[in-house]
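Comments concern the structure below.
The values are calculated or read from the model by the stated rules, or taken from the named source; none is laboratory data. Please read all numbers here as calculations on a predicted model, not as lab measurements. Every residue, glycine as well, gets a Cβ built from its backbone with ideal geometry; the counts of neighbours run over all protein chains shown.
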Amino acid sequence: MKTPLRKCRTYEDVSLELLAKEVGSSGSTLSRLEGGTSKNTSGEVCYLVLERYKQLGLTLEHLIYPERFPYFDINNDSC
């Protein structure tokens, strides 16, 4: 399942490593967050990820419960 964070990241063609560098995290931590297998990520990392992708419609709920949004679609209205 592609999670909302992964859809946003791939929409902008940003590698996991580049995003990790931008938000001051490791690639493995972001991979777990993106895959929905870890909810233990610092508030600052989540905040920076949300700031980067809020224009695409990503919310905190999408990060915490990605399995609830299998049909998440990029919000192109504000792009």
Filter segment 36-71 for residues that are surrounded by 13 or more Cβ atoms within 10 Å (Cβ to Cβ) and among the small types (Gly, Ala, Ser); which is modelled with the lowest pLDDT? 38
Which of the following residues is buried (at least 20 other Cβ atoms within 10 Å of the Cβ), at pLDDT below 90 and in a helix (DSSP H, G or I): 5, 19, 33? 33
Enumeration of residues in segment 4-47 that are closer than 25 Å to residue 70 by Cβ and either touching a strand residue (DSSP E or B) at 6+ places or on another chain (Cβ under 7 Å) or among the hydrophobic types (A, V, I, L, M, F, W, C) (or both): 5, 8, 14, 16, 19, 20, 23, 30, 33, 45, 46
Failed item in (1) surrounded by fewer than 13 Cβ atoms within 10 Å (Cβ to Cβ); (2) not in a helix (DSSP H, G or I), with residue 28 passing the rest: (2)
Restricting the first residue to segment 1-23 and requiring it to be over 13 Å from residue 58 (Cβ atoms), which pairs with a second residue that is in a helix (DSSP H, G or I) and of a type in the set (Gly, Ala, Ser) meet a Cβ separation below 7 Å and a spacing of at least six or different chains? 16/27; 16/31; 17/27; 20/27
